[in-house]
Amino acid sequence: MSDGRAEHPAVFTIPIHRSFADSLASGLIAKFGSEPLGLASGRILLPNNRAVRTVTEAFVRASGSGLLLPRLIPIGDPELDDRIGGALDPADADEPLPPAIDPLERMAMLAELVRGPEESASEALRLAAELARTIDALIIDEVDPTRLTEAVLDAPELAQHWEKALGRFRAVLDRWPALLAGRGRIELTDRRNRLLRRSAERWAEAPPSGFTVAAGITTAAPAIAALLGRVARMPGGMVVLPGLSLSNAMPEEEWDALGPDDRGRAEETHPQFHLKVLLDRIGVARGEVRPWPAAGRGASPAVRTRAIAHAMTAADFSDKWNALRPPERRLTGIRAAELPDPAAEAQAISLAMREALETPSRTVALVTPDRLLAQRVSARLRRWGIEADDSAGQALSQLAPGTLLLAIASAAAEQFAPVPLLALLKHPLVGGEGEERRRWVDDVRLLDIALRGPRPAGGLQGIETHLTDKSGADRAWRRIRPKLEGLARLVSVRSLADFADALVAAAAPLAGDRAWSGSAGRAAADLVTRVQALADSSLALAASDIVPILQKLLQDVRIRPPYGGHPRVFIWGLLEARLQQADLVILGGLNEGVWPALPTPDPWLAPKIRANLDLPGLEFRIGLSGHDFASALGAPQVLITRA
């Protein structure tokens with residue numbers, strides 16, 4: 001490991017046939033765990049808060065007894081709205097930075113700037129979300145906005161729609177810094193960049209005591225690369241990369257061919273490309289990277305790493321496959337299953353996971369970016385009393401408090417049409433509990449029968465008129481109607497804050513405190529509070545906006561379950577799977593457009609403009625997806641499925 005000499009960069013890699021988090025924990029315990037406070041004197045920089053949880057669990061597994069952990073510090077992931085760890089953002093800094101703007105407030109402000117005369121508020125918010133991603137890309141890669149002029153001059157052949165989009169984008173950028181400054185806020189990504197560079201400068205002058213490890217961080221952003229370069233060169237510093245192919249798995253000519261070459265061409269979709277960019281920015285040659293000396297649990301044969309590297313060979317070098325010896329292309333332990341439809345795929349996966357539990361202490365994980373597939377597998381496992389530990393969580397829009405708010409908004413927006421009205425009245429959080437709930441359900445059944453047939457006139461009065469000569473349903477309606485009076489206000493709101501106030505008022509008589517209880521309810525309450533805080537937003541709403549806006553807001557909130565799922569059954573998204581392994585890993589949903597996902601279009605910057613600004617291409621994420629796939633193939637046993 002690190003020999004303490006600052007002039008020699010200490011950069012390591014853990015191959016994909018080893019569990020990253022377990023190998024990291026084992027290696028650090030072996031080096032620093034002999035002294036009572038050896039581990040506690042150090043710090044580990046990790047990509048995000050999810051990685052902190054993963055590494056914490058790995059230390060618990062590796063220790064076998066109690067120990068004082070090193071300080072685990074997330075560097076923050078803007079895509080997850082992760083904040084940077086407190087150790088890199090000290091409250092007593094000499095020159096504290098302004099706070100970051102709340103993402104919701106930012107989106108509302110950008111929507112006001114970008115909204116056209118014919119665009120709805122919901123469409124403006126959608127465009128604002130895309131605009132925010134593009135602004136973040138410029139900030140993360142530290143691209144000066146003034147370069148946009150040069151980029152346009154270098155691309156005179158731009159289509160008219162790209163010129164129009166670029167004009168709107170530049171107009172927003174001209175006004176945006178002043179608006180932020182007026183609120184005393186800065187961008188979250190800008191704040192993170194400044195904090196990371198401050199830390200690198202501070203550690204260059206006075207390295208911290210104890211060891212410092214940057215582990216599992218593969219983002220090649222300039223500010224992150226500057227920090228990793230400093231960590232690698234300071235006494236007690238180490239950088240540990242996941243799944244870097246060394247020369248024994250990927251020859252130098254293939255590594256060099258990843259680019260970028262003299263003409264700027266690069267193999268951005270290759271699983272190793274982002275690691276090459278990171279090493280270039282750190283200033284470390286691949287030959288200087290050493291294997292991490294410790295192995296974790298569940299390691300597969302080392303030949304697996306080389307076989308996977310050969311399988312991921314770039315097209316220009318794929319002719320060498322014919323010359324490979326059988327051991328170099330053998331994928332023993334990896335199986336594949338192609339199913340006729342997604343339901344059959346979910347059934348096959350759940351059966352494989354259930355079978356794995358027949359072996360004592362064996363762990364099994366489903367890795368997939370397909371949340372619908374994950375939900376289907378979870379539902380099937382519950383039939384056997386197995387509650388999988390689904391660390392990717394669920395969108396708030398799919399949980400009871402979220403569906404209640406959506407049902408309220410839908411019933412109001414459609415003027416109490418029978419279908420959305422009955423969906424609201426039948427919601428499990430509506431109508432009280434116990435005997436009160438049973439009476440409520442009886443009343444709703446009467447309404448369900450009475451409202452079949454031609455649609456009544458809109459509004460509460462339309463329902464009442466329709467039920468006038470239906471005595472049983474009429475009496476039921478008179479008991480239910482008072483609880484719906486507050487919904488009428490929803491269609492007349494004209495601002496986001498008013499919308500949130502009306503939503504709270506409408507939910508109170510229907511569900512009471514049940515709407516805001518539990519982890520999902522608390523998240524819904526927090527979201528509503530944040531929207532209520534947008535009192536100075538001038539984004540005008542129409543009745544047709546309330547459902548799509550609420551759907552978008554709820555979809556962006558993820559609810560992750562607390563500890564308590566099955567200790568040997570896991571469902572991981574791609575982020576969770578990057579640093580850990582199980583004895584059996586099932587890679588599900590391997591269909592084009594799902595894994596890897598299709599490149600997300602940038603409606604603001606044309607591909608040529610992005611290239612001129614030295615921004616990553618839209619296909620860059622395919623390479624990241626490929627690296628996730630290759631890393632997951634390193635588990636001892638692997639099952640690949642697609643439908």
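We did not get these values from a lab; they are worked out from the coordinates using the rules stated. If you're wondering where the values come from, they're calculated on a predicted model, not measured in any experiment. Counting neighbours? That spans all protein chains shown, and the Cβs are built from the backbone with ideal geometry, glycine included.
Rg ratio for the stretch 44-166: its Cα radius of gyration over 2.2 N^0.38 Å, N being its residue count, equals 1.52. What shape does the stretch 103-185 have by the C-alpha gyration tensor, where a ≥ b ≥ c are the square roots of the eigenvalues, rounded means a/c under 1.5, and otherwise prolate means a/b greater than b/c and oblate the rest? Since a/c reaches 1.5 but b/c is at least a/b, the shape of the stretch 103-185 is classed as oblate. Annotation: the residues 286, 170, sorted from fewest to most other C-beta atoms within 10 Å of their own C-beta, follow the order 170, 286. As a length-normalised measure over Cα pairs under 8 Å and 6 or more apart, the relative contact order of the chain settles at 23 percent.
Values (i) 31.7; (ii) 43.3; (iii) 33.3 are given for comparison; mean projected area of the Cα convex hull in nm², derived from the coordinates here, is the one labelled (iii).
Prolate is the label for the stretch 270-400. Its Cα gyration tensor axes, ordered a ≥ b ≥ c, give a/c of at least 1.5 and a/b above b/c. Packing, taken as the mean count of other beta carbons within 10 Å per residue, orders the peptides 312-318, 407-413, 162-168 from highest to lowest as 407-413, 162-168, 312-318. Spatially close Lys pairs in the chain, defined by Cα atoms under 21 Å apart and a spacing of eight or more places or different chains, total 4. In terms of the mean number of neighbouring beta-carbon atoms within 10 Å, the peptides 359-366, 594-601 order highest first as 359-366, 594-601. Each DSSP beta bridge with both residues in the chain is either parallel or antiparallel, and the antiparallel ones are about 5%.
Spatial offset of the stretch 408-437 relative to the stretch 375-396 amounts to 27 Å, using the alpha carbon center of each.
When the helices of the chain are scored as -39500 (n - 2.57) per DSSP H run of n ≥ 4 and the total is divided over every residue, the value at 222 nm lands at -14500 deg cm²/dmol.
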